[in-house]
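The values are calculated or read from the model by the stated rules, or taken from the named source; none is laboratory data. This is a predicted model, so every value here is computed, not measured. Methodologically, a virtual Cβ is constructed for each residue, glycine included, from the backbone with ideal geometry; neighbour enumeration extends over all protein chains shown. To get the accessible areas, we keep the full protein, side chains included, count just its heavy atoms, and leave off ligands, DNA and RNA. Shrake-Rupley method; radii C 1.70, N 1.55, O 1.52, S 1.80 Å.
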Amino acid sequence: MAVDWSGLASEVLLTLDRGRSVPLRAQLEDQFRQAIRSGRLGVGDRVPSSRALAAALGLSRGLVQECYAQLQAEGYLVTRGGSATRVARAATRAGQAPSPPPPPPPRLVADFRSGVPDLASAPREDWTWAVREACRAAPNTELGYGDPAGHPRLREVLAAYLRRVRAAAASADQVVICSGMTQGLGLVLRALARQGLTRVAFEDPGPVAWMTATAAWSGLKAVPVPVDDRGVDVTALEASRAGAVVLTPAHQSPTGVVLAPERRLALIDWAARREAVIIEDDYDAEFRYDRDPVGALQGLAPDRVVALGTVSKSLAPVLRLGWIASPPRLAATLAGVKDLTDRGTPGLDQLALALMIETGRYDRHLRRMRAEYAARRDVLVQALAGHAPSVRLTGLAAGFHAVAHLSAGTAEQDVIQEARSRSVGLYGMSTYRSDHSPHPPQLVLGFGNTSQRAIQTGIALISDLLQSRH
Ligand SMILES: Cc1ncc(COP(=O)(O)O)c(C=O)c1O
């Protein structure tokens with residue numbers, strides 16, 4: 001996008017060396033040529049007025065006008081009918097042409113990408129209200145640096161929310177506000193590494209690449225631990241010699257399995273015996289559809305569990321807001337790492353989230369979305385039952401993705417590729433497995449950002465690919 005500089009020379013960094021024998025006009029021309037060739041000034045950008053540039057650089061206006069005239073003659077600049085002088089389109093030919101923008105991704109009729117909530121339903125009006133209100137009401141003192149651990153009001157509100165909705169055992173001084181769960185996980189792993197942790201386990205299948213990279217960034221070794229239909233295998237965890245594990249107990253990502261009660265207890269027992277830490281990723285716990293919601297593990301063992309939460313699924317990923325509820329002994333270290341990382345999450349956004357929760361807007365939005373996702377889930381179940389009855393669907397208790405089990409012998413990648421040629425986005429389980437194995441062939445079907453109609457159309461378009469070939 002072309003930039004309209006306000007006309008002040010200080011907005012284009014140009015330096016003249018008055019000690020050199022090269023005349024100032026030649027230096028100025030040369031600086032402009034270099035700025036245009038290197039892309040510092042782009043096509044269509046307005047250059048400062050000759051008056052402003054002359055004043056800023058201590059030159060005569062005539063000299064700057066001569067310089068501009070020369071650059072126009074060379075094709076670097078253009079002036080049309082008395083309007084401002086701009087970088088000419090032809091100028092890029094004189095230097096490196098900027099690389100063309102990448103072609104937009106092809107439009108899909110239905111995209112079953114998981115992990116994305118319904119972006120069209122993001123509560124824009126409520127959020128706009130909350131940000132305006134936070135900005136209007138905040139006293140001047142709150143516009144300075146805040147507590148790196150987070151605004152006390154949001155920490156208080158979130159602790160109460162987590163106690164109420166997730167049966168968590170959290171108080172405000174245990175809560176650290178962060179920029180999404182991604183940052184939260186990085187902070188926790190770094191804080192644990194400072195306290196001597198060297199190995200962290202993660203669920204397999206799971207977000208393998210993300211876990212491995214975040215662990216490495218924190219100086220830790222990541223070890224995969226298998227997940228079966230009752231959740232993480234605690235015996236394998238025991239054997240992994242890890243001092244911490246990252247888990248999604250309420251709705252395993254991506255299998256959708258809910259951690260079985262006996263596994264929850266075995267896990268807590270493991271953590272207590274080993275003095276290990278359970279990092280609970282509670283990413284989509286707001287969206288449960290059965291009558292018997294599971295509380296957060298954190299509530300059962302607050303001294304052993306660090307719970308991570310996010311608004312990425314409940315409101316929108318763009319907000320980059322999340323929280324960590326940690327055992328008291330870790331809270332100060334976490335706040336220290338957060339302080340070093342970014343000095344704290346933007347304060348007005350924190351106040352806006354506090355307002356959203358306090359005024360009931362957050363709960364109201366969740367109620368609406370829970371009903372919508374439940375309807376989409378039902379549409380997916382019915383569409384598959386109608387078009388591809390041999391496909392088994394699991395992981396439907398919560399969230400907005402499920403796993404479709406393809407018949408043995410089906411090549412997961414072939415199905416994905418053929419579906420894409422029919423404008424349907426599918427994603428395989430193999431990318432979530434630490435060994436990338438395509439067996440058994442499974443699809444992770446996200447329906448958070450896929451409308452009911454798109455789900456129906458999409459499944460109808462690929463029904464023959466999903467059906468058993470036997
Ligand atoms: C399981 C899981 N946890 C955490 C996250 C990241 O959340 P955030 O956007 O808060 O960083 C995602 C994002 O898709 C996810 O799928």
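Going through segment 392-409 one residue at a time, which ones are open to solvent by 10 Å² or more (accessible area, probe 1.4 Å) and in a loop (DSSP other than H, G, I, E, B)?
Once the filter is applied, which keeps residues that are open to solvent by 10 Å² or more (accessible area, probe 1.4 Å) and in a loop (DSSP other than H, G, I, E, B), segment 392-409 yields Gly395, Leu396, Ala397, Leu406, Ser407, Ala408, Gly409.
Residues that are over 30 Å from Val294 (Cα atoms): list the strands (runs of 3 or more DSSP E) wholly contained in segment 65-180 that include at least 3 such residues. Break it down into steps so the answer makes sense when it comes.
Working: elements: 77-79, 85-87, 175-178.
Per the criteria, 77-79, 85-87.
Looking at Ala120, Ala137, which one is open to solvent by less than 90 Å² (accessible area, probe 1.4 Å) and either under 30 Å from Val424 (Cβ atoms) or away from the ligand (no atom under 16 Å from the Cβ) (or both)?
On the way: Ala120 fails: open to solvent by less than 90 Å² (accessible area, probe 1.4 Å).
Selected residue: Ala137, the only one of Ala120, Ala137 that is open to solvent by less than 90 Å² (accessible area, probe 1.4 Å) and either under 30 Å from Val424 (Cβ atoms) or away from the ligand (no atom under 16 Å from the Cβ) (or both).
Would you be able to tell me the number of residues in segment 223-239 that are open to solvent by 20 Å² or more (accessible area, probe 1.4 Å) and assigned to a strand (DSSP E or B)?
Within segment 223-239, residues that are open to solvent by 20 Å² or more (accessible area, probe 1.4 Å) and assigned to a strand (DSSP E or B) number 4.
One residue is enough: does segment 404-423 have a residue meeting the conditions touching a residue at least 60 places away in the same chain (Cβ under 8 Å) and under 24 Å from the mean Cα position of the chain (by Cα)?
Taking every residue of segment 404-423 in turn, none turns out to be touching a residue at least 60 places away in the same chain (Cβ under 8 Å) and under 24 Å from the mean Cα position of the chain (by Cα).
Mind counting the residues in segment 271-312 that are surrounded by fewer than 18 Cβ atoms within 10 Å (Cβ to Cβ) and modelled with pLDDT of 95 or more?
Adding up the residues that qualify gives 5.
Looking at segment 177-199 only, could you name the residues that are more than 14 Å from the ligand (Cβ to nearest atom) and in contact (Cβ under 8 Å) with a residue 60 or more places away in the chain?
Arg190, Ala191, Leu192, Arg194, Gln195, Leu197
Give all pairs with beta carbons closer than 8 Å in which a residue from segment 269-290 that is hydroxyl-bearing (Ser, Thr, Tyr) meets a residue that is within 16 Å of the ligand (Cβ to nearest atom) and open to solvent by 20 Å² or more (accessible area, probe 1.4 Å); count only pairs at least 6 apart in sequence or on separate chains.
Short answer, once both residue conditions are applied: Tyr283/Ser253; Tyr283/Lys313; Tyr289/Ala397.
Looking at (1) among the basic types (Lys, Arg); (2) closer than 23 Å to Asp204 by Cα; (3) within 13 Å of the ligand (Cβ to nearest atom), which one does Arg304 not meet, given that it meets all the others?
All conditions are met except number (3).
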